[in-house]
Amino acid sequence: RPRTPNCRGTINRQALETTYYNDSGIQTREIAGVQLDFELRNNLLELFGAHADTVQIPADVHVEITQLFVQSVGSRICANQLCREIAARYQLDIEDVVKFLKQCIWTRKVRIDLFNTFLIDRPLRREVRDPLEVYADWFARN
């Protein structure tokens, strides 16, 4: 017979976490994924997958490459084409450049429209709405 999720265990864990965080002065909120915009949620999942990956890109060119990404936002060049050009120019692995682009978006060094689907074979769209502003009430102190 299939096992059902242990709801009581989940509730107890959340209560315990809330208590620990509150004791440390950290406010918590119960938020479900469905409360986030669908496209934003999908984009964040895609970006999160690369955020901690190691990339073989020399640190001394990080700023320069990041600036190339920033300059391309809103242009007609597709992200994958830009990544290929950067990989060729700096003699880097294309997968590392793509991961680095995703990391730059994740860390908000490159700001794109996260409320529309991020696709590597499309141009990077300019940010229209800042997700942190859209959901600012989630981060407000009570």
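The values are calculated or read from the model by the stated rules, or taken from the named source; none is laboratory data. These numbers come from a predicted model, not from an experiment. Every residue, glycine among them, receives a Cβ derived from its backbone with ideal geometry; neighbour counts consider all protein chains shown. Heads up: the accessible areas ignore ligands, DNA and RNA and are worked out on the full protein's heavy atoms, side chains in. Shrake-Rupley method; radii C 1.70, N 1.55, O 1.52, S 1.80 Å.
A few comments on the model shown:
- Per the conditions (1) surrounded by 11 or more Cβ atoms within 10 Å (Cβ to Cβ); (2) farther than 27 Å from D121 by Cα, the sole criterion not satisfied by C7 is (1).
- Exclusive hit being closer than 15 Å to T66 by Cα and out of contact with any Phe, Trp or Tyr (no Cβ under 8 Å at 6 or more places or on another chain), set D113, D121, D96, D130: D96
- Residue match in the stretch 55-69 (condition: under 24 Å from N42 (Cα atoms) and of a type in the set (G, A, S)): no
- Test: residue in the stretch 73-88 that is under 27 Å from T28 (Cα atoms), of a type in the set (A, V, I, L, M, F, W, C) and in contact with a strand residue (DSSP E or B) (Cβ under 8 Å, 6 or more places away or on another chain): no
- Contact annotation: residue pairs with Cβ atoms under 7 Å, 6 or more positions apart or on different chains, pairing a residue in the stretch 115-137 that is modelled with pLDDT of 95 or more with a partner that is loosely packed, with under 12 Cβ neighbours inside 10 Å, are F115/V128; P123/S75; P123/R76.
- Unique match (being hydroxyl-bearing (S, T, Y) and in contact with a Cys (Cβ under 8 Å, 6 or more places away or on another chain)) among T28, T66, T10, T19: T66
- Those helices (runs of 4 or more DSSP H) of the stretch 21-137 in which at least 3 residues are open to solvent by 50 Å² or more (accessible area, probe 1.4 Å) and farther than 30 Å from I11 by Cβ, considering only elements entirely within it, cover 62-72, 79-90, 94-106.
- For R41: the one exception among (1) at pLDDT 80 or above; (2) on the phi > 0 side of the Ramachandran plot: (2)
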